[in-house]
Amino acid sequence: MVRSSQPPAKPGLAQALSVAPLAEWILAGGPAIFPTDTLPALAALPAAAGQIWALKARPSSKPLILMGAEPETLFAALELPPHPQWLALAERCWPGALTLVLPARGAVVGALQPGVEAADARLGLRIPACERARELLSRTGPLATTSANRSGDLPCLTAAEAAAMFPQVPRLAPLPWPQPSGQGSTVLAWSQAGAWQVLRSGAVMPDLDLFHN
């Protein structure tokens, strides 16, 4: 999945790149920023996720979200058989502003949650309802993502704000980006008891009564 853990030479200050060259940049190990339906995402390959924490000045104990274009590649990253309830909720709500936090093991969760105990390892998954984002993700495969802001600052909402905050990180063209909602995704976690728990209320809230065991 990962070609390099080190970013290539910088393509230029705050340069806007179309899908193909930006995907090549990411696959070579570089970070990037792209729009989503909620907030713009700061992203990198899972094995290159360390630079996301560095750019945000944020401790690596803060987990990242794995964003992808198709459910199959996201669930495969868990390296665990997907529960029918996970698949049902994903089918109902993806693409969309819903992040599912699920048990996981293996290389990807290790990269996005370094140092976590295996029994506690969980991975947040999401498919954004933004066509441009999904086109990029279909070329790169699932990416480690977080909101485009430095720790403690408000999230960037536009490409111009992202360029000002992260002038060394290329952005997805064309500009301007679609207007995001400005609200984070709803975050649901699968508990050990086999039920959904709301970790954060956000842009959508599915009827969880429809997804009991």
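Looking only at segment 186-213, which residues are within 18 Å of the chain's Cα centre (by Cα), at pLDDT below 90 and either over 21 Å from GLU131 (Cβ atoms) or polar (S, T, N, Q) (or both)?
Correct list: ARG200, SER201.
Does ALA118 qualify as being farther than 15 Å from THR73 by Cα, more than 13 Å from the chain's Cα centre (by Cα) and buried (at least 21 other Cβ atoms within 10 Å of the Cβ)?
No: the conditions fail for ALA118.
Enumerate the helices (runs of 4 or more DSSP H) found wholly within segment 60-115, keeping only those where 3 or more residues are under 25 Å from MET205 (Cβ atoms).
By residue number, 71-77, 84-93.
Does segment 150-170 include one or more residues that are open to solvent by less than 40 Å² (accessible area, probe 1.4 Å), of a type outside the set (A, V, I, L, M, F, W, C) and within 24 Å of LEU74 (Cα to Cα)?
No, segment 150-170 contains no residue that is open to solvent by less than 40 Å² (accessible area, probe 1.4 Å), of a type outside the set (A, V, I, L, M, F, W, C) and within 24 Å of LEU74 (Cα to Cα).
I need every pair where a residue in segment 62-76 that is under 15 Å from ALA144 (Cβ atoms) has its Cβ under 6 Å from the Cβ of a residue that is among the basic types (Lys, Arg) and surrounded by fewer than 24 Cβ atoms within 10 Å (Cβ to Cβ), sequence separation at least 6 or different chains.
ALA69/ARG134
Looking at this structure, is ALA173 of a type in the set (Gly, Ala, Ser), in contact (Cβ under 8 Å) with a residue 24 or more places away in the chain, touching a Lys or Arg at 6+ places or on another chain (Cβ under 8 Å) and open to solvent by less than 80 Å² (accessible area, probe 1.4 Å)?
Considered against the rule, which asks whether it is of a type in the set (Gly, Ala, Ser), in contact (Cβ under 8 Å) with a residue 24 or more places away in the chain, touching a Lys or Arg at 6+ places or on another chain (Cβ under 8 Å) and open to solvent by less than 80 Å² (accessible area, probe 1.4 Å), ALA173 comes out as no.
Take segment 134-160 and flag every residue that is assigned to a loop (DSSP other than H, G, I, E, B) and either in contact with a Gly (Cβ under 9 Å, 6 or more places away or on another chain) or over 15 Å from THR38 (Cβ atoms) (or both).
Hits for segment 134-160 are GLY141, PRO142, ARG150, SER151, GLY152, ASP153, PRO155, LEU157.
The values are calculated or read from the model by the stated rules, or taken from the named source; none is laboratory data. On a predicted model such as this, the values are computed, not experimentally measured, just so you know. Here the Cβ is made from the backbone with ideal geometry for all residues, glycine too, and neighbour counts use every protein chain on show. When the accessible area is computed, the model is the full protein with side chains, heavy atoms only, and any ligands, DNA or RNA have been set aside. Shrake-Rupley method; radii C 1.70, N 1.55, O 1.52, S 1.80 Å.
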